[in-house]
Structures are given as C-alpha cells and as structure tokens.
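No value in this document is a laboratory result; all are computed from the given coordinates. Owing to the predicted nature of the structure, the values given are computational and were not obtained by experimental measurement. Because the Cβ atoms are built from the backbone with ideal geometry, glycine has one as well, and the counts that use them run over all protein chains shown.
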Amino acid sequence: MKVGVLALQGDVREHISSLIACGVDAVPVRRESEIQSIDALVIPGGESTTIAQLSEVFGIYDLLRERIASGTPVYGSCAGMILLAAEILDAKVGQKSFGGLDISVRRNAFGRQVDSFESDIEFADGSQELIRAVFIRAPWVEKVGNEVQVLASINSHPVAVRSHTALATSFHPELTGDHRIHRYFIEHVARPALEKVK
Ligand code: GLN
C-alpha cells in the first residue's frame, strides 16, 4: 500500500516516519501525478487555512476533493481533521475544506487558556490501553452524521472519529512515537476500504 502525506505545510516528516513504522510505503505528495499514484492519503497537522490555500496554488484542491469523495482512504490529524470536515465552525472568512467526513468541527475549540495540552485518553480500537494524545490549538467535533463513529472524546467532545473510508483525530499521534492510530488507519480503515474496491 502506498500512502501519500500531503506535503504543503505541517508535520509531514513525522507522519511519514509513523507510517513507515507501520510497514507501508509512505511518500510526501504535492503534485497532481504524485496524488494520482497513491492508494491512501494522510493530511498532517499544521494550519488548515494555509494548507487549503497552498492546495489551490499547487492546483490540486479539486483533485484532492475528488479523490477523497470517491473513497480514497484518508486520515487527518488536527488541521487535517478540519480539512476533512463537511462544516467548519469559527472558520476564517472564506476558509475551505476538502470535505469527505460528515462532521462539524470547531477550530481552536479548546480555547486560549488550554492552547496546548496532553492527556491520556481511551481510544475505541478494542485495546484497554490509554493513548497519549497531544493537542495543539486543536479542534473538537460538535456534530457527527449517521455514518460517523466516535472513537475518543474529552469531556464529551469527540476528538477521534471515523467513517468507512476516513479517520480524523484532533490530536497528533505523529508526535508521540506511538503508532497505534496510524496502525488503526492502515489496518482498520485503509486496508478494508481498498480490498472492497479490488
Ligand atoms: N488550529 C489549527 C488550524 O486551524 C490546527 C492546529 C494544528 O494542526 N495543530 O489549522
């Protein structure tokens, strides 16, 4: 499986390391031909408005939207979650997302006082072990569609959600060296989705 990490801005290298640790081929992507050659996509943490604007500058905004809409498995962390959301609350004026996940997301939802924090949270992958979650000016999910499953929450705000082909977390597993979320994406989201279309 070849997984592309959208390499316009943000913590691209960290995602590539986590994906390689999960045994898949991981490459940075920013050009049309690179995006066409991948089986699955990761959108990193960073700044969602910058990533969306740069995708237009690079002429790949529509292609990304289409690939995600047509069921290419995708994982977004933090800014990546915002970019997958059907609706962005507290968005910058004119801010666009790629869509693909039927959720409403509030940007910078945890507020200034808790700008960044870490927490050990339960993640619904069947393991009893808590997962260390790093939040940096993180969004939370305020509304989920019928097809969306909540995998983790903080104070009843969803911070990890999935649909059949998309996974999103408010936090940054790529920064902790714990590859559980990436493994979950590969084994429980991307692989089943890709096998179905074969
Ligand atoms: N607040 C940022 C945004 O709106 C996301 C922060 C992050 O990815 N750490 O894009």
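A few points about this structure:
- Sorted on the mean count of surrounding Cβ atoms within 10 Å across their residues, most packed first, peptides 4-15, 128-139 read 4-15, 128-139.
- Length gained on full extension, residue 116 to residue 104, computed as 0.36 nm times the residue gap minus the Cα-Cα distance: 2.2 nm.
- For the listed peptides 140-153, 93-106, 173-186, a ranking on the average number of other beta carbons within 10 Å per residue, highest first, reads 173-186, 93-106, 140-153.
- Charged side chains reduced to their Cβ positions (Lys and Arg at +1, Asp and Glu at -1) give the stretch 75-198 a dipole of some 400 debye around its Cα centre.
- Whether the stretch 69-183 is rounded, prolate or oblate, judged on the alpha carbon gyration tensor where a/c under 1.5 counts as rounded: oblate
- With eigenvalues of the C-alpha gyration tensor scaled by 5 and rooted, the stretch 47-88, Å: 15, 14, 8
- According to the Kirkwood relation over distinct C-alpha pairs, the hydrodynamic radius of the chain is 16.3 Å.
- The distance linking the stretch 163-198 with the stretch 6-83 is 13 Å (Cα centroid to Cα centroid, whole angstrom).
- Unsatisfied cross-links (Cα-Cα over 23 Å) in the set 2/196; 96/143; 2/143: 2/143
- When the chain is described by a simple charge dipole with +1 on each Lys and Arg Cβ and -1 on each Asp and Glu Cβ, the residue from 64, 140, 194 located farthest towards its positive end is 64.
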